[in-house]
Amino acid sequence: MQILDRRLNPSGKSLENRQRFLRRAKALVQRAVREASQDRDISDILDGGEISIPTGGLSEPQFRRGPGGIHDNVLPGNKTFSEGDFIPRPEGGGSGRPGAGQGGGDAEDAFRFMLTREEFLDLFLDDLELPDLAKRRLTAVEHEGLRRAGYSVSGSPVNLAVTRTMRLAMARRMALRRPSPRAVELLEEELAACEDETRRAAIRAEIAALTAKMRRIPFIDPIDIRYRRFENVPKPVAQAVMFCLMDVSGSMSEHMKDLAKRFYMLLYIFLTRRYRRVEIVFIRHTDRAEEVDEETFFRSPATGGTVVSSALEAMRRIVQDRYRPQDWNIYAAQASDGDNSYSDGELTAQLIQNAILPVTQYFAYLEVGEAGAHDNPVMPNSALWGIYDRLRSDGAPLAMRKVSTRSEIYPVFRELFQRREGKPAA
């Protein structure tokens, strides 16, 4: 059972305080969702589950009439204290609150409740946004919408056009000169006041003629009835393609691939919440690149050196052949340990700057490493990081982060896609 409070300002409560309470309660729930997501796998994040928030933040502020003045209270059964006695402090330093002073510290009850899959994802992705969400065109007709298409003489009673029906009925009555009930009433009043029998007979005949004409010309005729008509029209929807680029050379361990997979999964979940249609292209590379399926992308072993430009060239070719930038929102996420052939640096920079960034909405580079690898502040940057960092310093729209543990995936993802100040929610 769900209870929805749709009151704008309930009696006895301040609207400003109520809105402040709702914002505080939502912040508590969002924080609980983020903390719960830290210990989940990517497959588990698609499910809802039980979360808990402290009960201390659930009381809605309101004004109450408090006691005023000085009162003398007589309490029956008091055999211990007299006026002026000091009441000793409770043992254990308790303050009278439930659970206080027990178990070595203050305890606070938690309010537990269940969230559905949709509710969990809405809260998890609530304050995130995609840059340049709307493309120049909306394509890929996936469903049809309804559009008003005039009126018809037949249809469902729920689609009855009352205003149009009454307008046509009035026009028909005026064209056929249908007598009005007021004209008959005036003749009846005249008949009641008339004493001349000849005139009275003429009035009765006129009333009978008008009444007969009114019956022949009904107030509403079936030919007057009109129904609103609707027709199906193709409705375009936004579509996106997500390119997953990953180095699968011998230097990429299973731990690094697992970090990359978690980031890709989060990005895909995020895209599906913003677009009706999302396609994924997996490109893996060593010294040469190939488009593969997901199973091969993450699990099939590969050997060879590392040439990053081969993956960028493969992406450029696929975009040119299948995904026109005018019709598709293109996102790319690249995961690598940072290795790259020294001779490939200049070509990689040219492809990124001239071929990839101009057609993509967003390009994120995730450098993965073994646990604790990025904690050393004196550790030099990798070859690929240096190339991208130089391009970013020159103003290229690149997002770059380093991760080495699973717990860093969620914070990095939120940092990359956090809502910018001054921009509306997507």
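The values are calculated or read from the model by the stated rules, or taken from the named source; none is laboratory data. Everything quoted here is computed from the prediction, not taken from an experiment. Glycine gets a Cβ as well: all are built from the backbone with ideal geometry, and neighbour counts include every protein chain shown. For accessibility, only protein heavy atoms count, side chains too; no ligands or nucleic acids. Shrake-Rupley method; radii C 1.70, N 1.55, O 1.52, S 1.80 Å.
Worth a mention:
- The stretch 173-191: number of residues that are of a type in the set (Lys, Arg) and either touching a helix residue (DSSP H, G or I) at 6+ places or on another chain (Cβ under 6 Å) or open to solvent by 80 Å² or more (accessible area, probe 1.4 Å) (or both): 2
- Residues satisfying the criterion are present in the stretch 268-288 (criterion: in a helix (DSSP H, G or I), of a type in the set (Ser, Thr, Tyr) and modelled with pLDDT under 90).
- Single residue of the stretch 266-295 satisfying the filter (open to solvent by less than 40 Å² (accessible area, probe 1.4 Å) and under 19 Å from Gly250 (Cα atoms)) that is nearest to the chain's Cα centre (by Cα): Phe282
- Checked against (1) closer than 20 Å to Glu370 by Cα; (2) in contact with an Asp or Glu (Cβ under 7 Å, 6 or more places away or on another chain), Arg277 passes all but a single condition, namely (1).
- In the stretch 220-235, the residues that are of a type in the set (Asp, Glu) reach residues that are at pLDDT 90 or above with C-beta atoms within less than 7 angstrom, at least six apart or across chains, in these pairs: Asp221/Ala169; Asp221/Arg172; Asp224/Thr165; Asp224/Leu168; Asp224/Ala169; Asp224/Arg172.
- Condition met for Glu291 (outside any helix (DSSP H, G or I) and modelled with pLDDT under 90): no
- Among the residues of the stretch 296-312, none is identified as in contact with a strand residue (DSSP E or B) (Cβ under 7 Å, 6 or more places away or on another chain) and open to solvent by 40 Å² or more (accessible area, probe 1.4 Å).
- Residue match in the stretch 192-208 (condition: aliphatic (A, V, I, L, M) and open to solvent by 70 Å² or more (accessible area, probe 1.4 Å)): yes
- Test: residue in the stretch 248-264 that is open to solvent by 50 Å² or more (accessible area, probe 1.4 Å) and under 26 Å from Phe120 (Cα atoms): yes
- Residue that is modelled with the lowest pLDDT, among those in the stretch 406-423 that are in contact with a strand residue (DSSP E or B) (Cβ under 9 Å, 6 or more places away or on another chain), open to solvent by 40 Å² or more (accessible area, probe 1.4 Å) and not in a helix (DSSP H, G or I): Arg419
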